[in-house]
1. Tell me, which residue of the range 156-172 that is within 9 Å of residue 324 (Cβ to Cβ) and part of a helix (DSSP H, G or I) is farthest from the chain's Cα centre (by Cα)?
2. How many residues, within the range 315-326, are closer than 29 Å to residue 229 by Cβ and within 23 Å of the chain's Cα centre (by Cα)?
3. Is it the case that the range 39-60 has a residue that's under 23 Å from residue 266 (Cβ atoms) and under 22 Å from the mean Cα position of the chain (by Cα)?
4. Got a number for residues in the range 1-55 being of a type in the set (Asp, Glu) and modelled with pLDDT under 90?
5. May I ask you to list the residues in the range 16-56 that are of a type in the set (A, V, I, L, M), assigned to a helix (DSSP H, G or I) and surrounded by 16 or more Cβ atoms within 10 Å (Cβ to Cβ)?
6. Pairs, please: C-beta under 6 Å, at least 6 apart or cross-chain, first residue among the hydrophobic types (A, V, I, L, M, F, W, C) and in the range 332-355, second part of a strand (DSSP E or B)?
7. Look through the range 184-229, keep the residues that are in a helix (DSSP H, G or I) and touching a strand residue (DSSP E or B) at 6+ places or on another chain (Cβ under 9 Å), and return whichever of them is farthest from residue 28 (Cα to Cα).
8. Evaluate the following for residue 94: is it in contact with a Pro (Cβ under 8 Å, 6 or more places away or on another chain) and surrounded by 18 or more Cβ atoms within 10 Å (Cβ to Cβ)?
Amino acid sequence: MVSWCALAAALLFMLCIVSEAAARFFLARSRYYVWPPYYCIENHLNADVFPGLDSKAVFRVNSEGERGSEPPRSKNGLYRILVIGGSAAECYFLDQEACWSMRLERRLNIPAALDALQRTRVHVGSVARSGIDCAKATLVLRRVCRQHEKIDTVVMMIGAAEVLSWLRNGAPEYPELELPEPLHVFESSPEQRFAWFPPKRTALSELFRILDRRFVRRKLRRSGVGTSVARLRKMRQQAKTVKSEVTAPTAMLCNFEKALESCIAICKKAGARVLVVAQPWLDANCLTKDEESRLWFGAEGDPHSQSVSTYYSAEVFSQLMMQVNSVAARVAQENGAEIVQMQSRLQPPAACFYDDAHFTPYGAAIVAEIVSNTVLQHPVASPLKN
């Protein structure tokens, strides 16, 4: 009996070793995904924190790791748009159908728009995610563009992450240029690292999670969402020091310029049209005190992980955003991309944003309208493939 038990244990151990090795071999040949395919979460928002938003916000990812609908199997007649950027493009607290990338898809799938584009279907997939700056966007585009046979248009809404990161580090005159690591950008990739212990960090566990999302379609649910945002707002309101001046952002803007040039070059090489959306924000100069209490940007230090008592004023943030957008417009013009200005077109501002730079459903609808009109300004000239 002891011999049989020992043999069974040895066989089980060998099975685990072989299974783990096979799982790692399989996952090492997977694709790069900013979001895990088939990921879905249902957020029930705190109405006191988000009074202008829907109480329920579903965030759903398709089979290709994009927030969006499932792309059609046939690519004949398909016009594909890829959206990339930070949290303003991500629209995490907006419901799936309310985010501007999904609204953009619906607007471009009406018969008149399809006729102008000479296509039978438009698919808009978003790989935007909070914290993605231009350097990280370069890495994402370099990987993702290779995985698609054809991307017709890339829409980039970028710029705020550069400003916030610079301020978070104390607005240094010469900021360190950090190259992003794939492991910090992609939720799932061939470069993913695994361990033998604890079990949840093994390749087998990751494979089971993938199969669970794919076939069980389990939906995560969170209630009372918004506590962290309320804490961030309160921290800013109680700041002991509010700085109204910063050092010259020359080096930060130079880094942004180089990264944006790289992004555009990658998209152009893939044969895509590039729309650079100048990052809009909520200008504090036109706000009431109640509206100003929504703001929480501009910390010196990381407010997500520590208590911060020093902030930069909303006026400083506005000035920096204007400079970033000025650089974006110039770089787009010099590199064959198109710039989409929308700061002055988001009216009234307080109804378009629920905080410093994130859109309400009303604001997202305006963004989708502006971007869709821009896409249709220069319809494709190539005939529809049969």
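The values are calculated or read from the model by the stated rules, or taken from the named source; none is laboratory data. Everything numeric in this text was worked out from a predicted model, so none of it was measured. Quick reminder, even Gly has a Cβ in these numbers, built from the backbone with ideal geometry, and neighbours come from all protein chains shown.
1. 163
2. 8
3. No, the range 39-60 contains no residue that is under 23 Å from residue 266 (Cβ atoms) and under 22 Å from the mean Cα position of the chain (by Cα).
4. Selection size over the range 1-55: 1.
5. Step one: filter the range 16-56 for residues of a type in the set (A, V, I, L, M), giving 17-18, 21-23, 27-28, 34, 41, 45, 47, 49, 53.
Going one step further and asking which of them are assigned to a helix (DSSP H, G or I), we end up with 17-18, 21-23, 27.
Answer for the range 16-56, where residues must be of a type in the set (A, V, I, L, M), assigned to a helix (DSSP H, G or I) and surrounded by 16 or more Cβ atoms within 10 Å (Cβ to Cβ): 23, 27.
6. Sorted first by the residue in the range 332-355, then by its partner, the pairs are 332/276; 332/339; 337/274; 337/276; 339/276; 340/275; 340/277.
7. 213
8. Taking the combined requirement at face value, the residue satisfies it.
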